[in-house]
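**Q** Here it is, the structure in full.
Throughout, read-outs are computed from the coordinates displayed, never taken from laboratory work. Since the structure is predicted, the reported quantities are computational estimates derived from the model, not experimental observations. Here the Cβ positions follow ideal geometry from the backbone for every residue, glycine too, while neighbour counts run over all protein chains shown.
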């Protein structure tokens, strides 16, 4: 297995990327990790470690977080992210991982790697942590801000295939993100999508509300990229604010610090359960190659986890099996 | 001051409504509370208390939570919520409060009470709690699921007027809910609204992300009702899940219960800070009368708080002063 990692993408790149790559290379000797980026910067970070399954691929440019995606991908042909995408396209790598500019990665998925035949738009999918630990896959989270009802149906098919191929679920349940559970609720988009989802070859369970997402109302939630992104960042933001307020409370005096020590282990477990990085990176579904998006703030552990996820997807021949199911149009 | 309360609306009606009304009537003797609903049910709940400033108004019907809003308002002419709306329209009451069917209350606002001249659509606005305690007003939260760019501008004007008239803010800052902070981010709606907001007679500060809402990025956030509702319920849901997981952790054994006892006071303060009901009910802005929507799960304390809020709005002559500002088209 050969996994290309954009060494220059993410808030903590290249340090965290290289560290994660080393950890992954050590744990899985059968996997070749190809670090793509400025070798003059990456090489020293390997600190003389000569792991036979880490390889460097030089790329002279970097796509910055605030670069305009389409322009950047077209102009910076030797950017680390673009080079990694080309490696997937030309089958020099079985997967690519990047924590860089999301829009640029989506563009690379579509323009460089290419879409699966029959898929109109690729979607960014991510596992949300749920209290039972199982998680729910939400898509789209922003690959396309606007979506048509037909696109939501394709997202549902892609998400169902991912849950069954990657997680081994049989008949994964699909919900439509909406502002009420009744069938006729919603905006123009969800009202039009509802009857189409009922007829689609998936296990549609109706509307779900954002307040229930962490309680796992179903296995897959579909929504347009705008709504999905609002939900993702609302949940992240609320959790972060509550956790930092809690921390303040625990640091208030000697007694509260004692209380903190008592519940520390449980709190860490809870934090781990709510941690997005535990579920790995976000796959770009609908493209004809394995493209994984890491959270911008990914640390080395998150990069290692993304490699774990890529390995499972490669072992299950995820993309090829999704493509053939889509061209056969078979039932979920 | 005369405040009509729909005694039959909300998960804990009529008990919590009556209890809240009694508390409010006792605290503010200058305020007449008119409980609207089935007097045969309400009267016994007063338990013989003869408060001179509580009055009953019989209404023989009730709008149920799952009634189709427009149909229900048209057909159930003697429903408690409709009667309360008519009292505002006919100036028998200076304000109305209901925790019942949101859609029906919006319909009553528009069809029974009527819109302010020049306002295309009314919007449901609510204060979100923020860590600094000040709060941010978000609108629309679902009065209209879809919105036009021009409507978002009207929401911005309405929200700014509310913050300045009700909270006394000078030049309240207005943000546009979006999936990134850069000017060109977003879906078709937000991209079209952005330049209009820049030209509007408000203090526009650009795009804000849902992850920052609890950190108070500005004084007013505008969005379409679908996105606003997704954000509201995401934040509520995440907070509720985290709090219940915390509770579980604290109840695990003797030591963790001890820890819980130590931080209890601080946790309660934190909970209070994050509590929506502390900020009162959600005003329906853009209608030519004071209509307040209580959270479905409102307890007696929330109803009393809604009365407090209605009193302030009445004292400031909120609706009339908003109407005249809108017809004058003056700057915020």
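**Q** Averaged over its residues, how many other protein chain Cβ atoms are within 10 Å of peptide B:129-136's Cβ atoms?
**A** Values: counts 1, 1, 5, 0, 0, 0, 0, 0.
Taking the mean over all residues of the peptide, I get 1.
**Q** Which of A:143, A:21, A:259 moves most in a GNM of chain A, Cα contacts under 10 Å?
**A** Of A:143, A:21, A:259, the Gaussian network model singles out A:259 as fluctuating most.
**Q** When chain A is modelled as a GNM with alpha-carbon springs shorter than 10 Å, which of A:242, A:54, A:33 fluctuates the most?
**A** A:242
**Q** Based on DSSP, what percent of beta bridges with both residues in chain A are antiparallel, to the nearest 5?
**A** 25 percent
**Q** I would also like to ask the following. Out of A:240, A:148, A:297, any idea which swings most in a Gaussian network model of chain A, alpha carbons joined below 10 Å?
**A** In the Gaussian network model the winner is A:240.
**Q** I need the peptides A:111-119, A:34-42 ranked by packing, meaning the mean over residues of other C-beta atoms within 10 angstrom, with the highest value on top.
**A** Peptide ranking by packing, descending: A:34-42, A:111-119.
**Q** At 25 °C and a viscosity of 0.890 mPa s, what translational diffusion coefficient does Stokes-Einstein give for segment A:217-305, taking Rh as the Kirkwood radius over Cα pairs? Give it in µm²/s as a whole number. Each step should come with its number before you reach the end.
**A** On the way: Rh = 15.8 Å.
Translational diffusion coefficient: 155 µm²/s.
**Q** Here's another thing I want to ask about it. In nm to one decimal, list the spacings between the residue A:150 label point and its equivalents in the other copies, with label points set 7 Å along Cα to Cβ, shortest first.
**A** 3.1
**Q** In whole angstrom, and with the biggest value first, how far do the Cα coordinates of the protein assembly as shown range along each principal axis?
**A** Ordered largest first, the protein assembly as shown gives principal extents of 87, 55, 49 Å.
**Q** Which distances, shortest first and in nm, link residue B:170 to the matching position in the other copies, using label points set 7 Å out along Cα to C-beta?
**A** From this label point to the equivalent ones elsewhere in the assembly: 7.0 nm.
**Q** Would you kindly compute the Cα radius of gyration of segment B:205-254 and its largest Cα-Cα separation (Dmax), both in Å?
**A** In Å, with Rg to one decimal and Dmax whole: 15.2, 50.
**Q** Distances from residue B:60 to the same position in the other copies: list them in nm, one decimal, shortest first, using label points 7 Å from Cα along Cα→Cβ.
**A** Inter-copy label distances (nm, one decimal, shortest first): 8.7.
**Q** While we're looking at this one, here's another question. Roughly how far apart, in whole Å, are the Cα centres of segment B:129-149 and segment A:1-65?
**A** 43 Å
**Q** Follow-up question, since we're still on this one. Based on DSSP, what percent of beta bridges with both residues in segment A:120-279 are antiparallel, to the nearest 5?
**A** So the antiparallel bridges amount to about 25 percent of the total.
**Q** Sticking to Cα atoms, compute the Rg of segment A:120-279 to one decimal and its Dmax as the biggest Cα-Cα distance, whole number, in Å.
**A** Calculated on Cα positions, Rg and Dmax stand at 18.0, 61 Å.
**Q** Note down the relative contact order for segment B:120-279 as a percent, whole number, built from C-alpha pairs under 8 angstrom at least six residues apart.
**A** Relative CO of segment B:120-279 lands at 30 percent.
**Q** Across peptide A:184-194, how many C-beta atoms of other chains are within 10 Å of each residue C-beta, on average? Walk me through the numbers on the way to the answer.
**A** On the way: counts 1, 5, 4, 9, 3, 3, 2, 2, 0, 0, 0.
So the per-residue partner count for this stretch is 3.
**Q** Is the shape of chain B rounded, prolate or oblate, going by the alpha carbon gyration tensor and its root eigenvalues a ≥ b ≥ c, with a/c under 1.5 for rounded and a/b larger than b/c for prolate?
**A** Details: a/c = 1.75, a/b = 1.09, b/c = 1.60.
Note, shape of chain B comes out oblate.
**Q** Ok, one more. Can you tell me, using C-alpha contacts under 8 Å and at least 6 residues apart, the relative contact order of segment A:206-332 as a whole percent?
**A** Taking the mean separation of contacting Cα pairs over the length of segment A:206-332, I get 13 percent.
**Q** Please give, to one decimal in nm, the separation of the simple spin-label points placed at residue A:255 and residue B:261, each 7 Å out from Cα toward the Cβ.
**A** It is 1.0 nm.
**Q** From the gyration tensor of the Cα coordinates in segment B:132-185, what semi-axes in whole Å does the equivalent ellipsoid have, largest first, with each one equal to sqrt(5λ)?
**A** They are 20, 15, 11 Å, listed largest first.
**Q** Order by neighbour count: A:176, B:169, fewest other Cβ atoms within 10 Å first, most last. Provide the component values of the computation, followed by the final result.
**A** Values: A:176 26, B:169 18.
By the 10 Å Cβ count, ascending, the order reads B:169, A:176.
**Q** So for the protein assembly as shown: antiparallel DSSP bridges make up what percent, rounded to the nearest 5?
**A** Working: 18 of 74 bridges.
Bridges in the protein assembly as shown that DSSP calls antiparallel: roughly 25 percent.
**Q** With each run of n ≥ 4 DSSP H residues scored as -39500 (n - 2.57), what mean residue ellipticity at 222 nm is computed for the protein assembly as shown after dividing by its residue count and rounding to the nearest 500 deg cm²/dmol?
**A** -14000 deg cm²/dmol
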